[in-house]
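As structure tokens, the structure follows; a few thoughts come after it.
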Amino acid sequence: MAWKKPLWQRRRRRCRRGRPPKPIILEKPPSINKFTPTPHVNLEPIFIEPAELEALRLVDFEGLSQEEAGQRMGVSRGTIWRLLQSARRKTAQAITEGRPLHVASEP
């Protein structure tokens, strides 16, 4: 008689690992969808998520703390930190390389 794997090793996971992402509250959808440098050069655009743009607006433009921005967006301060790091990096890259910056549309 052949040895069989235990049942827990035979089952395959059919779903994603971890918990589903927490919804992020946007006070208002972005009023713009892209920034294009002048003179226009045909370089690949950089895409920024609406949540990243909202975190950048709340912290850098409105001057809120990361904790206050997290409360207004309904996420943790750590999530705001991650969104800010990503938004700042993408914005700096778009400015220094002269690439267009597009706001990614909601799925």
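The values are calculated or read from the model by the stated rules, or taken from the named source; none is laboratory data. Everything numeric in this text was worked out from a predicted model, so none of it was measured. Don't worry about glycine lacking a Cβ; one is built from the backbone with ideal geometry, like all the others, and counts go over all protein chains shown.
Some points to look at:
- Scanning segment 51-97 for residues that are in a loop (DSSP other than H, G, I, E, B) and surrounded by 14 or more Cβ atoms within 10 Å (Cβ to Cβ) turns up Leu64, Val75, Ser76.
- Selection within segment 19-38: residues that are among the basic types (Lys, Arg) and either surrounded by 12 or more Cβ atoms within 10 Å (Cβ to Cβ) or more than 15 Å from the chain's Cα centre (by Cα) (or both). The member of this set that is nearest to Ser76 (Cα to Cα) is Arg19.
- Note on segment 98-107: residues that are within 12 Å of the chain's Cα centre (by Cα) and either part of a helix (DSSP H, G or I) or surrounded by fewer than 18 Cβ atoms within 10 Å (Cβ to Cβ) (or both) total 3.
- Test: residue in segment 78-85 that is at pLDDT below 95 and charged (D, E, K, R): no
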